[in-house]
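This report refers to the structure that appears directly beneath it.
Derivation of every value follows stated rules applied to the coordinates shown; laboratory data play no part. Everything quoted here is computed from the prediction, not taken from an experiment. Note that each Cβ is placed from the backbone with ideal geometry, even for glycine, and that neighbours are counted across all protein chains shown.
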Amino acid sequence: MKNRFAFSADLTPAVKFASGETGFVVRFRNLPEAITQGEDLADALVQVADCLEEAIAARIENGDDIPVPSRPARGERPVALSAQMAAKAALYLAMGEARIGKSELARRLGCDEKDVRRLLDPRYGSKLPKIEAALVALGKRLEIVVHDAA
């Protein structure tokens with residue numbers, strides 16, 4: 001698996017409406033709850049990134065599993081999480097793998113549990129070095145990789 005935080009999206013042309021407008025419906029095979037649409041391809045690509053972020057945020061907030069992304073099938077496009085959300089999702093997954101809760105991670109980091117809650121909060125703008133320190137406390141290393149834009 002090349003990228004744990006890039007999910008395959010299917011962009012299907014929508015049926016032409018009576019007004020003559022068309023668009024794209026977007027779905028993620030591994031995240032059935034994540035469905036969005038765009039007025040055209042450019043809009044669909046903007047919407048799909050936001051949709052993915054919201055689906056992963058909801059899974060973190062609800063304590064649900066984050067599935068391993070499937071390789072893109074023919075016609076699908078990989079959509080990556082933002083660096084911030086990928087780091088938070090990595091921390092969430094590492095805590096689950098280590099079977100430790102927020103209180104234990106706070107103890108390991110020498111901070112208050114509310115600080116750990118903020119690190120996991122998809123809507124809170126956590127500083128990357130703090131997420132990285134939390135991952136290190138769990139025996140993980142955060143790496144940033146840059147790819148050419150598609």
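Per-structure values
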{"read-out": "Any pair with Cβ under 6 angstrom, 6 or more apart, that starts in region 94-113 at a residue that is touching a residue at least 12 places away in the same chain (Cβ under 8 Å) and ends at one that is part of a loop (DSSP other than H, G, I, E, B)", "value": "Ala94/Leu138; Ala94/Lys140; Ala98/Leu138"}
{"read-out": "Qualifying positions in region 91-101 - under 20 Å from the mean Cα position of the chain (by Cα) and either at positive phi or surrounded by 16 or more Cβ atoms within 10 Å (Cβ to Cβ) (or both)", "value": "Leu91, Tyr92, Leu93, Ala94, Met95"}
{"read-out": "Condition broken by Ser70, with the remaining ones in (1) crowded, with 16+ Cβ neighbours inside 10 Å; (2) among the hydroxyl-bearing types (Ser, Thr, Tyr); (3) touching a Ser or Thr at 6+ places or on another chain (Cβ under 9 Å) satisfied", "value": "(1)"}
{"read-out": "Hits in region 122-150 - residues which are assigned to a loop (DSSP other than H, G, I, E, B), surrounded by 15 or more Cβ atoms within 10 Å (Cβ to Cβ) and within 17 Å of the chain's Cα centre (by Cα)", "value": "Pro122, Ser126, Leu142"}
{"read-out": "Pair list, Cβ under 7 Å, 6 or more apart: region 25-40 residue at negative phi, other residue in a loop (DSSP other than H, G, I, E, B) and among the polar types (S, T, N, Q)", "value": "Arg29/Ser70; Asn30/Ser70"}
{"read-out": "Ala14 vs. criteria loosely packed, with under 14 Cβ neighbours inside 10 Å, of a type in the set (Gly, Ala, Ser) and farther than 22 Å from Leu142 by Cα", "value": "no"}
